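What follows is a set of notes on a single structure, which appears directly below.
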Amino acid sequence: MADKALLSLGLVLTALLAPPAPGGLLVIVVALAALLGPARVPPRLLVEALGPPVAFVVLGALSVAVAVGAATPDAWWALGPLSMGPESAARGAGLVVHGVAGALGVLVLATTTPMVDLVTAARRLRIPAACLDIAALVYRLLFVLLDVALAAHAAQAARLGGSGRVADRLRAAGSLVGTVLVHSFARARRLTEGLAGRGYEDDLRTLPVTGPRSLRFEAVALAAITAVWLVVWVSAVGPFLGASPGQGA
């Protein structure tokens, strides 16, 4: 796991510290190459996992791209106190690149590492056991919630017969939410009773599968991150090196 954590952490730090172009764009390319290449993550799964964070980032970028106050002379459009110009749009686009690159860097580790290994690594880092137990229980309960939601949705679809009325869909959605909450609470209570019946007093122990450490993968990961920073440095220093002394006067 250490080799994947090295690549993921390096990509996340590069996405945060490097400029959007070319740093963030190169992080996106490297992360996609790692996920779709050696990791063999299905593209559909990657799109589904990346959808919620990208939507969150885009909504946040819109609030940055739209300026409030007096419109600048080069603004593309203005509506009352709201306006958008090249500078604000560039800030919003940069925020999107940073967010997408950081999310892909996290997915490099999240989509290739079981939860058991993540909890074990966090325990080695001396993270409090109570925090790890809560994270593990929430992880399990998320799948319980998904299982109940899918079963209730299938039952409703079979009973309603695919009614297209808006009122029926809203009524079915409200009923589905209530059913999911009640069944999830019952499943969670049974999980708590099961742990109590087993004499649960200490932290939840897990049995991780320790794999061999790949020095070759670590070398490739370090080379990729170093190459990204080299391109960032060249893009930042190149214009100054190419300028003549007379141009700077």
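The values are calculated or read from the model by the stated rules, or taken from the named source; none is laboratory data. The shown structure was predicted, so the numbers you read here are calculated from the model rather than taken from an experiment. Reconstructed Cβ throughout: ideal geometry from the backbone, glycine too, with neighbour counts over all protein chains shown. Areas reflect the complete protein model, heavy atoms only, side chains present, ligands, DNA and RNA absent. Shrake-Rupley method; radii C 1.70, N 1.55, O 1.52, S 1.80 Å.
In table form, for the structure just shown:
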quantity: All positions within the range 84-106 that are open to solvent by less than 20 Å² (accessible area, probe 1.4 Å), farther than 30 Å from Ala33 by Cα and in contact with a helix residue (DSSP H, G or I) (Cβ under 9 Å, 6 or more places away or on another chain); calculated: Ser88
quantity: Residues of the range 92-111 satisfying the condition of being among the polar types (S, T, N, Q) and touching a Pro at 6+ places or on another chain (Cβ under 6 Å); calculated: none
quantity: Any pair with Cβ under 6 angstrom, 6 or more apart, that starts in the range 40-63 at a residue that is over 12 Å from Thr111 (Cβ atoms) and ends at one that is open to solvent by 40 Å² or more (accessible area, probe 1.4 Å); calculated: Val57/Val96; Ala61/Leu95; Ala61/Val96
quantity: Residues of the range 194-222 classified as part of a helix (DSSP H, G or I), surrounded by 10 or more Cβ atoms within 10 Å (Cβ to Cβ) and at pLDDT 75 or above, total; calculated: 7
quantity: Residue check for Ala55: at pLDDT 75 or above, within 26 Å of Gly24 (Cα to Cα) and surrounded by fewer than 16 Cβ atoms within 10 Å (Cβ to Cβ); calculated: yes
quantity: Hey, Pro81 over 18 Å from Ala223 (Cβ atoms), touching a strand residue (DSSP E or B) at 6+ places or on another chain (Cβ under 7 Å), open to solvent by 60 Å² or more (accessible area, probe 1.4 Å) and not hydrophobic (A, V, I, L, M, F, W, C) or not; calculated: yes
quantity: Criterion (over 19 Å from the mean Cα position of the chain (by Cα), surrounded by 15 or more Cβ atoms within 10 Å (Cβ to Cβ) and either of a type in the set (Lys, Arg) or farther than 20 Å from Val54 by Cα (or both)) met by exactly one of Leu125, Leu118, Leu137; calculated: Leu137
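Yes/no matrix, rows are residues, columns are (1) modelled with pLDDT of 90 or more; (2) within 23 Å of Asp117 (Cβ to Cβ):
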| residue | (1), (2) |
| --- | --- |
| Gly10 | yes, yes |
| Thr14 | yes, no |
| Gly23 | no, no |
| Val41 | no, yes |
| Val68 | no, no |
| Ala71 | no, no |
